[in-house]
1. What's the angle, to the nearest 10 degrees (0 to 90), between helix 31-41's Cα axis and the longest principal axis of the chain?
2. Taking the 0 to 90 degree range and rounding to the nearest ten, how far is the long axis of helix 73-83 tilted relative to the main principal axis of the chain, both from C-alpha atoms?
3. What is the magnitude of the charge dipole of the chain about its Cα centre, with +1 placed on the Cβ of each Lys and Arg, -1 on the Cβ of each Asp and Glu, and no other charges, expressed in debye to the nearest 20?
4. Run through the chain and list the chymotrypsin sites (Phe, Trp or Tyr not before Pro) located in a DSSP loop whose Cβ has at most 13 other Cβ atoms within 10 Å.
5. Say the cut-off is 24 Å between C-alpha atoms; which of LYS37/LYS66; LYS17/LYS37; LYS17/LYS82; LYS37/LYS82 go over it?
6. Mind checking the per residue accessible area of the chain for me, 1.4 Å probe, whole number of Å²?
7. Please report the carbon-and-sulfur percent of the accessible area for the chain; probe 1.4 Å, protein heavy atoms only, DNA, RNA and ligands left out.
8. Please report the relative contact order for the chain, taking Cα pairs under 8 Å with a sequence separation of at least 6, and give it as a percent rounded to a whole number.
Amino acid sequence: VSPVGAGSCLETLEKGKPLIVVINEKLMNNHQLELAKRLHRGGHVLYCNCSTLVETLQSMDLSTLKPFPPGQPEKFALFLDKVFGFQ
C-alpha cells in the first residue's frame, strides 16, 4: 500500500510487487488520480482513496494484477539522439 507518487509506484512495480495506491484527494489538479487510473487500466495496480481503503483491502484480488513491463531506456536514448541530430 502506497501513496500515488510516480517514484514509489514505479519502484514497487519494477520489483514485481503487487500494489494498492491510495489517492490524496486534497491535491489540486489531482495528478495522482490520473496516474492511478492509467496504471489500473493497464492492470498493474488497484487504487482507492482513504475512505475506501478498508473496503479495497477486504475485497482485493491481487491475482488479477499484471506484471509491469520493464523500461526500455535505450529506445528513449535513440529518440533523443534523433531529436538532437546525433544520429
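The values are calculated or read from the model by the stated rules, or taken from the named source; none is laboratory data. Just so you know, these numbers come straight off a predicted model, no measurement behind them. When we count neighbours, we look across all protein chains shown, and the Cβ atoms used for this are built from the backbone with ideal geometry, even at glycine. Accessible surface is based on the protein model in full, side chains and every heavy atom, while ligands, DNA and RNA are left aside. Shrake-Rupley method; radii C 1.70, N 1.55, O 1.52, S 1.80 Å.
1. 90 degrees
2. The angle comes out at about 50 degrees.
3. On the way: 9 positive and 8 negative charges, 29 e Å.
Dipole about the Cα centre, nearest 20: 140 debye.
4. On the way: sites: TYR47, PHE76, PHE79, PHE84, PHE86; in loops: PHE84, PHE86.
Sites meeting the loop and neighbour criteria: PHE84, PHE86.
5. LYS17/LYS82; LYS37/LYS82
6. Values: 6490 Å² over 87 residues.
The answer is 75 Å² per residue.
7. On the way: 3810 of 6490 Å².
The C+S portion of the solvent-accessible surface of the chain is 59 percent.
8. Working: 90 pairs, mean separation 22.8, N = 87.
For the chain, the relative contact order is 26 percent.
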